[in-house]
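Worksheet for the structure shown next.
Just so it is clear, none of the values below were taken in a lab; they were calculated from the coordinates. Since the structure is predicted, the reported quantities are computational estimates derived from the model, not experimental observations. So basically every Cβ, Gly included, is an ideal-geometry build from the backbone, and we count neighbours across all protein chains shown.
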Amino acid sequence: MKIFPESEYSMELNNDSSLAISELENRTLSEEQFVANWNNQVFIGKIEDNKFELKLSKKLVGEVCVLKGKLENGQGTLEIRTGKIYKIIFIAIVLFAISGIIMALIQKEFEVIFHLVMTVLVMRFIFLELGFRLVSKSGISKLTQIIGIRVLKKTLHNNA
């Protein structure tokens, strides 16, 4: 099991890939621009040739997932990964929990260990996993509306 959720999809374009990239550029705000109202565009990110790396333009929600894809000859791939900010926040929480566990062991307050472990598990499985699934579904939906894709299958990786 991976610490941070991620998904990979293969997709089929309804239109030409150059037309799809063009439409995606029209609905994406560049990362380099400083804009007070990000909600005017659907995505924020960068698009180069037939590759893109995007996140939703909603302030807190958009940072959960990063959509990274490549479009060629009517076909494409899409990787969805957890955003860096949420990874950093989760690692900070885990480090605080580990330091709390060490302090609980030193002070021999073993009931605190259970609470700290449960906090980490709840953060991982409820907030990170559930948030990732909801936002990635929303991102795929918006990508489908904009560039006209059909998600063919979810690619599974066996990490044993």
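Based on DSSP loop calls and a cut-off of at most 16 other Cβ atoms within 10 Å, the longest stretch of the chain free of exposed trypsin sites (Lys or Arg not before Pro) is what? Walk me through the numbers before you get to the answer.
Values: sites that count: K2, K58, K59, K108.
Formally, the longest exposed-site-free interval is 3-57.
Among the listed pairs K2/K142; K58/K142; K87/K108, those whose Cα-Cα separation exceeds 19 Å are K2/K142; K87/K108.
For K70, the aspartates and glutamates whose Cα comes closer than 18 Å to its Cα, not counting residues fewer than 8 places off in the same chain, are E6, E8, E12, D16, E23, E25, E48, D49, E53, E79.
How much of the calculated P(r) for the chain lies past 19 Å, in percent of all Cα pairs? Considering the chain, 60 percent of its Cα-Cα pairs are separated by more than 19 Å.
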